[in-house]
1. Springs between alpha-carbon pairs under 10 angstrom, Gaussian network model over the chain: which of TYR26, TYR11, TYR102 fluctuates most?
2. Relative to the longest principal axis of the chain, what angle (0 to 90°, nearest 10) does the C-alpha long axis of helix 286-298 take?
3. Of GLY65, ALA243, LEU92, whose Cα points farthest to the positive end of the dipole of the chain (charges on the beta-carbon: +1 Lys, Arg; -1 Asp, Glu; origin at the Cα centre)?
4. Using helices alone, I'd like the mean residue ellipticity at 222 nm for the chain: each DSSP H run of four-plus residues gives -39500 (n - 2.57), total over residue count, nearest 500.
5. Per residue of region 101-117, what does 6.51 cos²θ - 1.76 cosθ + 1.60 with θ = phi - 60° give for ³J(HN,Hα)? Whole Hz please, x for Gly and Pro, Karplus curve as stated.
6. Kirkwood Rh, region 1-82, all Cα pairs: how many Å?
7. Running a GNM on the chain with Cα contacts under 10 Å, which residue among ASP283, ASP169, ASP136 ends up with the highest mean-square fluctuation?
8. Highest mean first, what order results for 151-160, 138-147 on Cβ atoms within 10 Å?
Amino acid sequence: MIDPFNRTIDYMRISITDRCNLRCVYCMPQGIHSLPETEILSYEEILRVCTEAAALGIHFIKITGGEPLLREGVPDLVRQLKNTPGIHKVSLTTNGVLLSRYLDALCAAGIDGITISLDSLDGERFRLITGYNGLDTIIRGIHESVSRSIKVKINAVLIDNGGEPEWQDLVDLARVLPLDVRFIEMMPIGYGKAFKGVAHDRILQGLKETYAGITEAEASQGAGPAVYYRIPSFKGEIGFISALSHRFCRTCNRIRLTAEGMLKPCLCYASGIDLKAILRDPDKTNEAIGRALMEAVAMKPASHCFTGTPPIPEGPLEKRAMVTIGG
Ligand code: SAM
Ligand code: SF4
């Protein structure tokens with residue numbers, strides 16, 4: 001599918017739950033209520049959407065949440081998605097808490113990649129951000145993942161606390177392990193509005209001062225809005241998903257399906273298509289799902305408006321918490 005700004009849309013992020021076992025301060029702090037289970041799309045409904053989406057050119061699926069591994073049956077979902085004609089790659093974004101438990105099953109199901117969110121390698125700081133006193137568990141999950149033949153990425157959202165941002169230790173992971181470390185700028189969505197993120201130019205400048213020979217890597221297929229850098233002797237690359245400081249929308253390749261079945265053309269805007277209503281209407285056929293997907297792609301705006309500078313917002317802004325959208 002090609003959107004009105006000539007971008008090829010071949011990637012869909014699917015949130016399979018709005019529940020989480022962590023309480024990241026900028027995403028799902030204490031006190032957020034989860035939706036009743038009946039309001040969440042069933043796996044059958046998700047697979048119906050994906051079959052239509054794949055026929056229209058969605059080749060890459062990312063399973064996200066909330067914490068996707070909290071929902072039973074994720075490996076089986078992965079297996080069925082991998083068996084869907086037209087789906088080339090299926091990957092998962094997780095906080096890593098339950099990763100060790102499900103890794104064998106995920107690999108057996110054919111998962112292509114795992115992204116683990118990790119904002120700090122300092123146990124106490126990690127606890128303050130996530131409410132979880134178990135950094136070791138996450139680190140174990142990372143090591144176990146890289147020992148499999150799957151692509152592993154670390155996603156870090158740094159909070160600006162006034163001091164030097166903690167990027168060095170995270171970057172060093174890509175030196176010692178074959179994984180990519182990606183920095184994602186804090187987006188003013190949901191609870192993220194209350195935090196100041198770290199501008200990526202600051203980290204990049206630090207990288208350039210520290211590592212001679214750092215070069216920008218050529219964009220690879222399916223990279224989406226990430227820009228990658230290579231450092232000599234590193235096993236993995238360093239990526240930046242600079243939502244704010246370098247508006248990344250020119251290379252946007254995605255649509256999103258929220259846990260409650262809203263098809264979202266853009267993270268920034270509240271607008272979307274209620275796919276659940278279509279899926280649960282016995283009079284609606286699979287063609288109606290395909291039409292909704294094409295409509296969502298046709299609705300994609302040229303760019304987000306997080307920074308408050310032009311372009312002028314094209315509609316009501318997203319008010320939901322990130323945990324319900326899936327990042
Ligand atoms: N629980 C899983 C995890 O943490 O990876 C998947 C869902 S989580 C919503 C997906 C990603 O969104 C995480 O990497 C998280 O750090 C990021 N995220 C959450 N709120 C954000 C915000 N306001 N700005 C930028 N990224 C955010
Ligand atoms: Fe949970 Fe992921 Fe949100 Fe943290 S970022 S609260 S782990 S959904």
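1. Top of the fluctuation ranking is TYR102.
2. Once rounded, one gets 50 degrees.
3. With unit charges placed on the Cβ atoms, the residue in question is ALA243.
4. Details: 10 runs with 95 residues, N = 327.
The helix contribution divided over the chain gives -8500 deg cm²/dmol.
5. 5, 9, 4, 4, 5, 5, 5, 4, 6, x, 4, 8, x, 10, 10, 10, 7
6. Numbers: mean 1/r = 0.0700 Å⁻¹.
About 14.3 Å for region 1-82.
7. Highest fluctuation of the listed residues: ASP283.
8. Details: 151-160: 21.1, 138-147: 18.7.
Most protected by this proxy first, the peptides run 151-160, 138-147.
The values are calculated or read from the model by the stated rules, or taken from the named source; none is laboratory data. From a predicted model like this one, the values you see are computed outputs, not experimental measurements. Note: ideal-geometry Cβ built from the backbone for every residue, glycine included; neighbour counts use all protein chains shown. Surface accessibility is based on the protein's heavy atoms, side chains included, excluding ligands, DNA and RNA. Shrake-Rupley method; radii C 1.70, N 1.55, O 1.52, S 1.80 Å.
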